[in-house]
Structures are given as structure tokens and as C-alpha cells.
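J.: First the structure, which I've put down as C-alpha cells, then a few questions once you've had a look.
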Amino acid sequence: MKKMLVAGLSLVLAFSLAACGEKKEATGASGGKKIMVATDASYAPMESMDKDKIVGFDIDFLAAVMKEAKLEYEVKNTGWDTMLESVKQGTEYQMGISSISITDERKGSYDFSVPYFESTNMILVKEGSPIKTALDLKDKKVAVQGATTADELMTKIMGNGNTNLKKYESNVLAFMELDLGGVDAAVADIAIVREYAKNNPKKKFVTIPDKTNFGAEFYGLAYPKGSDLKAKLDPAIKTVIENGTYAKMYKKWFGEEPNVSVLLN
Ligand code: ARG
């Protein structure tokens, strides 16, 4: 009897909480509409889940930019494919932040902010691997997150439709496949590859840069085409980079000074 009462009470509580949540989501404290931001929080140290919180360099950077622009927002972990699709539509989510490289192809479907981060792809292998460059991966098994620049670059090297290129919905799964020995290498963004190798010292991963086959990439915030957010946020991004806030966060997450001159020109 007591149990039933508790169950009934928590049901009522759950309902009223849900109702509150809905109201809160529609408008921000200032009464203006909150900007909904999508991310794929499985790309540490850029964006990842820490229990139920989304954390990472991108998340800190976003907070600084939105504060500078005086805009209210909420970030949600949608996963990569859903983020790409929903930001293109622009109905549920008005922008995406997720280490998204600005590419000519994507410019056909999104508007991008000014670049805020320099990156490149990097190879992850296990100790003792004979692989030296990306070209050595041509006839090997490689894991990537699907629909990323790593996927695009490796497709060019390995050939379209090559089933040895294993594409995963999440980068975590791609790295796990390498860990389990299902592939010879994984390819992802440099900061993520380095972080994973650093966090798993016992597994003896080796990180391989390849400046010849993997060029420089720049991350941007992605908006639906024609979004008015670009004009609002570009100046805020520049301020955060110029006033030293960016360098502070960069040092916090990567332990080194950023090269901001490549971003500000
Ligand atoms: N920079 C790469 C790209 O834009 C990979 C980004 C993946 N990001 C993520 N959160 N999984 O394609």
C-alpha cells in the first residue's frame, strides 16, 4: 500500500517536472527564444559527456561566445548524423558545434561562422604497426566516424565503396574497433587521437601525423543556410579570440598556447 502511494506520488512529480521542463525550453529567462545547439558529445576533449553534463573545449568556447553576444542557448547531445541533418533543417536546432570542419562541400548545405580552431586528421595504430603514412592504409582495414573529413580523406585513398573502410556512427565506436583488433588503424581529428592515446597508456597506441595527405582544417559553428546567427556571432567569436579568453581555454584543455594568428586574418 505504502509502495503504491510512493509510486503514485512520483508519477505526479514526474508529470509536473515534465510540464515545467517544456515551459522552460520554449523561452529563456529574458523572454527571448533560446537558441538550441546540437552537438555529438563523443569527441573528447572537444565535446564529451561527463556523467550527464556535456563538457569540452567547444562547450567552454560556445559559452564564452554566447555570453559575449548576450544570447541564451542550450546544448544537446544529438549525435553526429542527427546534428548534421537537424542543423541543415534549422527547425529544432539553430546551430551546431562539434569540431565541424569547414569544407567546400558542406558550404553547400550550411552557413559557417568565421573559423575558430585549427585542426588536421591523424592516424591511430597499435604499437608495432608498420604504418608510416596515410598511403600505407590503402590496403588495410581502417575505422572512421562516417560523414567526417576522416571518412572523406580515407575514401579518396582507399577507393569508393572499399569495404575495408569501416564507418561508425560515433568516433568512440571507431576507436573501440581498433582497440578490439578489428581494424589496423583509426583516423580522426588530431586532438581526439592524442587524447585517446594519452588516456589509454596501457594499450600502447601510437599516433601518426601526416601533413602531406591530411591538410589543415578549420572548425566553424554551423548554421542553416541564411541564418541571422552568423552576423550576431562572428563579432563575438572574434572578440573572444582577441581578448585572450580563447587562449586561456586552449591552455586549460590542451596545455599549450594556441596559434591565434591563423584564425585572425
Ligand atoms: N572535424 C571532422 C569533421 O568535421 C570530425 C568532427 C567530428 N566531430 C564529432 N563531434 N564527432 O568532419
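J.: Determine whether segment 122-129 contains at least one residue that is within 15 Å of the ligand (Cβ to nearest atom), under 20 Å from Leu84 (Cα atoms) and within 17 Å of the chain's Cα centre (by Cα).
T.: no
J.: Go through segment 130-147 and count every residue that is open to solvent by 20 Å² or more (accessible area, probe 1.4 Å) and either within 12 Å of the ligand (Cβ to nearest atom) or within 30 Å of Pro235 (Cβ to Cβ) (or both).
T.: Looking only at that region, the number is 1.
J.: Then there's this: Right, Thr103: open to solvent by 30 Å² or more (accessible area, probe 1.4 Å) and not acidic (Asp, Glu) or not?
T.: Here the answer is no, as Thr103 does not meet what is asked.
J.: Just give me the residues in segment 236-246 being under 12 Å from Leu263 (Cα atoms) and free of Cβ contacts under 8 Å to residues at least 60 places away in the same chain, in sequence order.
T.: Glu242
J.: Also, quick follow-up: Testing Ala26 on (1) modelled with pLDDT under 95; (2) touching a Gly at 6+ places or on another chain (Cβ under 6 Å); (3) of a type in the set (A, V, I, L, M, F, W, C), one condition comes back false. Which one is that?
T.: Status for Ala26: all satisfied but (2).
J.: Quick one: which of Asp60, Asp104 is under 18 Å from the mean Cα position of the chain (by Cα) and modelled with pLDDT of 95 or more?
T.: Selected residue: Asp60, the only one of Asp60, Asp104 that is under 18 Å from the mean Cα position of the chain (by Cα) and modelled with pLDDT of 95 or more.
J.: Can you confirm whether Met46 is within 15 Å of the ligand (Cβ to nearest atom) and open to solvent by less than 20 Å² (accessible area, probe 1.4 Å)?
T.: yes
J.: Continuing with this model, one more query. Filter segment 207-235 down to the residues that are open to solvent by less than 60 Å² (accessible area, probe 1.4 Å), part of a loop (DSSP other than H, G, I, E, B) and either free of Cβ contacts under 8 Å to residues at least 12 places away in the same chain or of a type in the set (A, V, I, L, M, F, W, C) (or both) and list them by number.
T.: Phe214, Leu221
J.: While we're here: How many residues does segment 166-186 contain that are farther than 14 Å from Gly146 by Cβ and open to solvent by 70 Å² or more (accessible area, probe 1.4 Å)?
T.: 2
J.: Would you please list the contacts, defined by Cβ atoms under 6 Å and residues six or more apart or on different chains, that run from a residue in segment 162-188 that is within 16 Å of Asn121 (Cα to Cα) to a residue that is open to solvent by less than 50 Å² (accessible area, probe 1.4 Å) and modelled with pLDDT under 95?
T.: Once the first residue is within 16 Å of Asn121 (Cα to Cα) and sits in segment 162-188, no partner that is open to solvent by less than 50 Å² (accessible area, probe 1.4 Å) and modelled with pLDDT under 95 comes close enough.
J.: Quick check: anything in segment 155-163 farther than 24 Å from Asp104 by Cβ, hydroxyl-bearing (Ser, Thr, Tyr) and either at pLDDT 95 or above or touching a strand residue (DSSP E or B) at 6+ places or on another chain (Cβ under 7 Å) (or both)?
T.: For segment 155-163, residues farther than 24 Å from Asp104 by Cβ, hydroxyl-bearing (Ser, Thr, Tyr) and either at pLDDT 95 or above or touching a strand residue (DSSP E or B) at 6+ places or on another chain (Cβ under 7 Å) (or both): present.
J.: Looking for something within 23 Å of Ile157 (Cβ to Cβ), within 16 Å of the ligand (Cβ to nearest atom), in contact with a Ser or Thr (Cβ under 9 Å, 6 or more places away or on another chain) and assigned to a strand (DSSP E or B) - is there at least one such residue anywhere in segment 188-199?
T.: Scanning segment 188-199 turns up at least one residue that is within 23 Å of Ile157 (Cβ to Cβ), within 16 Å of the ligand (Cβ to nearest atom), in contact with a Ser or Thr (Cβ under 9 Å, 6 or more places away or on another chain) and assigned to a strand (DSSP E or B).
The values are calculated or read from the model by the stated rules, or taken from the named source; none is laboratory data. No experiment lies behind these values; they were computed from the predicted model shown. Methodologically, a virtual Cβ is constructed for each residue, glycine included, from the backbone with ideal geometry; neighbour enumeration extends over all protein chains shown. Please note that ligands, DNA and RNA were not included when accessible areas were found on the heavy atoms of the full protein model with its side chains. Shrake-Rupley method; radii C 1.70, N 1.55, O 1.52, S 1.80 Å.
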